[in-house]
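Every read-out reported here was derived from the displayed coordinates using simple, explicitly stated rules and does not represent laboratory data. No experiment lies behind these values; they were computed from the predicted model shown. Backbone-built Cβ (ideal geometry, glycine too); neighbour counts: all protein chains shown.
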Amino acid sequence: MAARLLPSLLRVAVTFSVAGLVCVPARADVVINTTRVIYPVKQNEVTIQLNNDEKVQPRLTQVWIDDGHVDKTPDQMQVPFQLTPPIFRLDAGKSQALRIVYMHEDGQRKPLPTDKESLFWLNVLSVPPRPANADGKNVLQFAIRSRIKFFFRPERLVGQPEQAPSQLAWKLVSEGSEQALEVHNPSGYHISFSKIALAVDGKEFPSDAPPMLAPGSTARYVLKSLGHPPPATASVHFSAVDDFGTVQHHTAKLASPGSW
């Protein structure tokens, strides 16, 4: 019964995506003990812990992994991972360990790339109990859905994940009437930015909410309030989130025009 009930609650669930330094509000009382999941292919399994920080009430909890299609229900997902337990009651003040196992290719799924990370998402939906005095009344209840990045990491990727930000190549380009930073990620790792800005004579010109940069991809980030090309002394200041959820700050030089 619960397996059919919970997917329907996705239509009214409040979703919090934890990307970098995004804090899950206090109402999301079932808390994940990490901001991202890293699954090295050589490991047999990965374990994540959930805590119910609510002091009095239990929570009915459902967990699943999606492939980026946020609106699909758990029974529609086709991902090569087994997550147990999928549905459970989590009492107030208690914890529950989640066990994630990579099921490998079974001939029915497309094999995951071996030269770069694959991105999935871990979802946690928590449902509060119906109020005791709610019989015969219309009661508005919210199911809280938390969603964090799940990186599947193949063996023998070139370099280490902490080295990937320093491998980024940056150059300045025109984007209509504005200036933009174009960045290429040659590594096999995802780069989760929390800040990108161009530093000119001690002043920073930031971009708006830079998204994550996938392996082997190139993206452009428009710089606010910078309407003319900067001097050659300008540099890139950016921050990226590492495997442990810590923000690391970096400085990079601009490539010469026409390069890469």
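What to note about this one:
- Likely footprinting exposure, R36, R89, R130, fewest C-beta neighbours within 10 Å first: R130, R89, R36
- Packing-based exposure ordering (other Cβ within 10 Å, fewest first) of E117, E204: E204, E117
- Cross-link reach list, lysines versus K55, counting only Cα pairs under 18 Å and skipping chain neighbours closer than eight places: K94
- Applying 0.36 nm per residue to the separation of T47 and V200 and subtracting their alpha-carbon distance, the gain on full extension is 50.6 nm.
- For the stretch 161-253, with +1 on Lys and Arg beta carbons and -1 on Asp and Glu, the positive-most of L181, G245, G216 along the dipole: L181
- Backbone amide hydrogens, once placed in the peptide plane, bring V158 within less than 5 Å of G188, excluding anything fewer than 5 places away on its chain.
- Cross-link partners of K42 among lysines (Cα-Cα below 17 Å; sequence separation of 8 or more within a chain): K116
- For A143, nonlocal amide neighbours, meaning residues 5 or more places apart or on other chains whose placed amide H falls under 5 Å from its own, are V14.
- Computed from the C-beta positions of H228 and K253, the FRET efficiency with R₀ = 25 Å rounds to 0.80.
- Between A169 and H184, the built amide H atoms are under 5 Å apart, and every one of these is 5 or more places off in sequence or on another chain.
- Under the combined filter of DSSP loop state and at most 11 neighbouring Cβ atoms within 10 Å, the stretch 107-189 retains these trypsin sites (Lys or Arg not before Pro): K137, R156.
- With a simple spin-label model that places each label point 7 Å from the Cα along the Cα-to-Cβ direction, the separation between A132 and A92 comes to 1.0 nm.
- A simple spin-label model places the labels of R99 and L119 3.0 nm from each other, with each point 7 Å out along Cα-to-Cβ.
- Across the stretch 230-242, rounded Karplus estimates of 3J(HN,Hα) from the backbone phi angles (6.51 cos²θ - 1.76 cosθ + 1.60, θ = phi - 60°) give x, x, 5, 7, 5, 9, 9, 10, 9, 10, 9, 8, 8 Hz, Gly and Pro being marked x.
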